[in-house]
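Notes follow once the structure below has been shown.
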Amino acid sequence: MQQLFGIPISYFVLILEVIVLIVLVVGWIYGARRKDFNLHHKAVYFVALIHMLTVGIWMVPRALNRLTRMLANPIMNWYQIVHDIVGILAIGLGVLLVVIFLVRSGMPIKLLKQTRPLMFLTIGTWIIAFVLGVYWFLLAWVLI
Ligand code: HEM
């Protein structure tokens, strides 16, 4: 199934990923920077949930499907390879942060300070994966 109501699923996935990125940035600016832990943690949980669905149900099966084709010409498909590797790293870091927030829920200020570098790394890798995903989308659906 690659279409829903005649529309390629990639379009829905792109919209979900844009929403996820907006919530991530809102959680960072209005949550972490203003010390609103409730907003920050809710944003992180929402992002992790929706993103695991788009990646688990759509992106990973699609990636596995094109693995042989992608590796047959790594130079031409560099953006797919970097997207997948950086994307795995970003998700790994995101899940790690969620687990830390859940396990050590009683010390929000200290925890935000301690996890700051990890959060910046997560948001940085996330944005790289997002930009390459959009580039890939444009190549596949718009610039052909
Ligand atoms: C933070 C992590 C990630 C972000 C922000 C992200 C974002 C995106 C976006 C915006 C697209 C374009 C929408 C689309 O064409 O469906 C996309 C496509 C894609 N992503 Fe990711 N992605 C991430 C992680 C991953 C991972 C871990 C994999 C697999 C190992 C992956 C595999 C793919 C594939 C195969 C496509 C093309 C899907 C298609 O054929 O339409 N992504 N990604």
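The values are calculated or read from the model by the stated rules, or taken from the named source; none is laboratory data. Since we're looking at a predicted model, the values are computed, not measured. Heads up, the Cβs are rebuilt from the backbone with ideal geometry, glycines too, and the neighbour counts pull from every protein chain shown.
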When segment 42-56 is checked residue by residue, the ones that are within 11 Å of the ligand (Cβ to nearest atom) and either loosely packed, with under 15 Cβ neighbours inside 10 Å or without any contact (Cβ under 8 Å) to a residue 24 or more places away in the chain (or both) are 52, 56
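Results for (1) touching a residue at least 60 places away in the same chain (Cβ under 8 Å); (2) at positive phi; (3) under 16 Å from the mean Cα position of the chain (by Cα), shown as yes or no for each residue.
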position	(1), (2), (3)
71	no, no, no
77	no, no, no
82	no, no, yes
93	no, no, yes
100	no, no, no
109	yes, no, no
The number of residues in segment 72-101 that are more than 13 Å from the ligand (Cβ to nearest atom), in a helix (DSSP H, G or I) and either over 22 Å from residue 122 (Cα atoms) or of a type in the set (Asp, Glu) (or both) is 1
Taking residue 142 as the residue in question, decide whether it is at pLDDT below 95 and within 18 Å of residue 12 (Cα to Cα).
yes
Tell me the residue from 66, 34, 104, 62 that is more than 18 Å from the chain's Cα centre (by Cα), near the ligand (Cβ under 8 Å from one of its atoms) and among the charged types (D, E, K, R), please.
66
Is it true that residue 39 is assigned to a helix (DSSP H, G or I), in contact with a Gly (Cβ under 7 Å, 6 or more places away or on another chain) and more than 11 Å from the ligand (Cβ to nearest atom)?
yes
Restricted to segment 45-59 and to residues being within 11 Å of the chain's Cα centre (by Cα) and β-branched (Val, Ile, Thr), the residue nearest to residue 30 (Cα to Cα) is 47
Find the residue count for segment 100-114, including only residues that are among the β-branched types (Val, Ile, Thr) and surrounded by 11 or more Cβ atoms within 10 Å (Cβ to Cβ).
1
Is there a residue in segment 118-132 that is surrounded by 14 or more Cβ atoms within 10 Å (Cβ to Cβ), farther than 16 Å from residue 16 by Cα and touching a Gly at 6+ places or on another chain (Cβ under 6 Å)?
yes
